[in-house]
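The numbers here are math on the coordinates, done by the rules we state, and not lab data. What you see is a predicted model; the values in this text were computed from it and never measured. Note that we place each Cβ from the backbone using ideal geometry, even for glycine, and neighbour counts take in every protein chain shown.
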C-alpha cells in the first residue's frame, strides 16, 4: 500500500487546482510559449501547444504511419486498428475507443451543454461545437481550398469541398452501389431504401428523412421566414444554400461539369440528374405500378395519378391542380399575363407550348417565296 501524501503536499496541490480554476474564470493566461508568444491559462495546454512547433517529438503508428503529439492519442488511435472499444455507456450500452468520446456521448442522455456562447448565449455539448458556432458571429473562415481558394469555417467542410475537384466519392451504398462524397449524404440516402423518416414537424406532423435540409426548409413554410437576401436583386431566401445557387444566375458561374459530354451546371444536383441521361439510371420507382424515374420530384408528381391528390389550389377561384406548373399557367387566365412571345411575328402566349407550335409555322424556312 502506498504511503499517503504529506499534508503540506496535498495542501499545495489543492492550492494549485484552485489557482487554475481562478485563471479560467478571470481569463488570465500566465503561461506563454517561448517560441511564438501564444499564452495559455494552464501549463498542460502550453505543453500540448509546444508540440506543434517543428522538432518536437512525435509518436508514430507502426500500422498506418500517422503521427501523434502525445502517447495517449497514439494509444487511442491504435484501437481503430485493433477494433477495441473499452469504454461503454451505462445508459444505452454503446461502446467507444476513448473516455473523451464516452463523456461527449453521455451528454446526449443528460442533456448537459456546458459550453455557452458569450455573444448570444447558445449552449453546446462540445467545445468544438462552440468554437465553430463563434465563427458565425466573427465571420472567420480559417480553412481554404488550395485549388480554387474558397474559404470555409470548418476543416471538415474543406475536405468535403475538395471532392468536388477530385471527384472522389468514398462512401457507397451497400444496397444499390450509389456513391457519395459525405457520410451524411449516404445516411440520408439509405432512408430511401429503409423508408425511415425520423424527423417530424411539430406543427403539422409531416415526417422527413433529413433534419438539416428537408425539415428545416419545411418549417419555414409555417413561419414564412426568409433571412437570406441576394445583394444583387434583393430576392429573399429561406436557406443560405439556395441563395448561393441563385447568385450564380448573376455571376454565370457553373462549377459542376459533366465528365461525359462537358456540359456545365450551376448546381451539383442538376448535374447528377443530367448524368442519368448518359447512364440510363432511373433509381426512383413507383411501388404501385413499377414505373421508374430519374428524379424524386417526377415520382412524387406521378404518385398523384394514383392518389388523386391535387395539393395546389388557385386563391382566386379555388380550382386545384396536381402540379405547381399547372397552377402557374392557370393563374395567367386571371392576370392576363402572356410571357411567351414569337420573335418572328410578335404574337404572345400564356403557355410555352403554344409559342413552340407557332414558331414552327413562323420559321423563315416554312415560308414559300412568291
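Observations on the model:
- Compactness of the stretch 115-168 - radius of gyration and Dmax, Cα, Å: 13.4, 40
- Helical mean residue ellipticity (222 nm; -39500 (n - 2.57) per DSSP H run of 4+; nearest 500) of the chain: -13000 deg cm²/dmol
- Cβ-based exposure ranking for 150, 209, in which fewest neighbours within 10 Å come first: 150, 209
- D_trans [Stokes-Einstein, Kirkwood Rh over alpha-carbon pairs] for the chain, 4 °C, 1.567 mPa s, µm² s⁻¹: 47 µm²/s
- For the residues 225, 84, 337, a GNM of the chain with alpha-carbon springs under 10 Å puts the largest fluctuation on 337.
- Among 334, 109, 193, residue whose mean-square fluctuation peaks in a GNM of the chain (springs only between Cα atoms under 10 Å): 334
- Legend: Rg and Dmax of the stretch 89-138, from Cα coordinates, 12.8, 39 Å.
- Here the mean projected area of the convex hull built on the C-alpha positions of the stretch 262-350 is 9.0 nm².
- Overall, the ratio between the Cα radius of gyration of the stretch 74-184 and 2.2 N^0.38 Å, rounded to two decimals, is 1.35.
- Exposure proxy order (Cβ contacts within 10 Å, fewest to most) of 155, 42: 155, 42
- Approximate spin-label separation residue 285-residue 61, in nm, with each point projected 7 Å along Cα-to-Cβ: 4.0 nm
- The stretch 89-138: relative contact order as a whole-number percent, Cα under 8 Å and 6+ apart: 24 percent
- Subtracting the Cα-Cα distance of residue 231 and residue 326 from 0.36 nm times their residue separation leaves 31.1 nm of extension gain.
- In terms of its alpha-carbon gyration tensor, the stretch 136-268 comes out oblate; a/c meets the 1.5 threshold, while b/c is at least as large as a/b.
- Oblate is the label for the stretch 195-265, because the ratio a/c of its alpha-carbon gyration tensor axes (a ≥ b ≥ c) is 1.5 or higher and a/b is not greater than b/c.
- 10 Å binning of all Cα-Cα separations within the stretch 46-138, expressed as whole percents from 0 upward: 14, 29, 34, 21, 2
- Helix 155-166 axis versus longest C-alpha principal axis of the chain: approximately 50°, rounded to the nearest ten.
- The stretch 219-302: C-alpha gyration tensor shape, a/c 1.5 cut-off, then a/b vs b/c: oblate
- Relative contact order (%) - the chain, alpha-carbon pairs under 8 angstrom, separation at least six: 3 percent
- Against the main long axis of the alpha-carbon atoms of the chain, helix 240-251 sits at an angle near 50°.
- Whole-angstrom gap from the stretch 123-144 to the stretch 315-331, using each part's C-alpha centre: 45 Å
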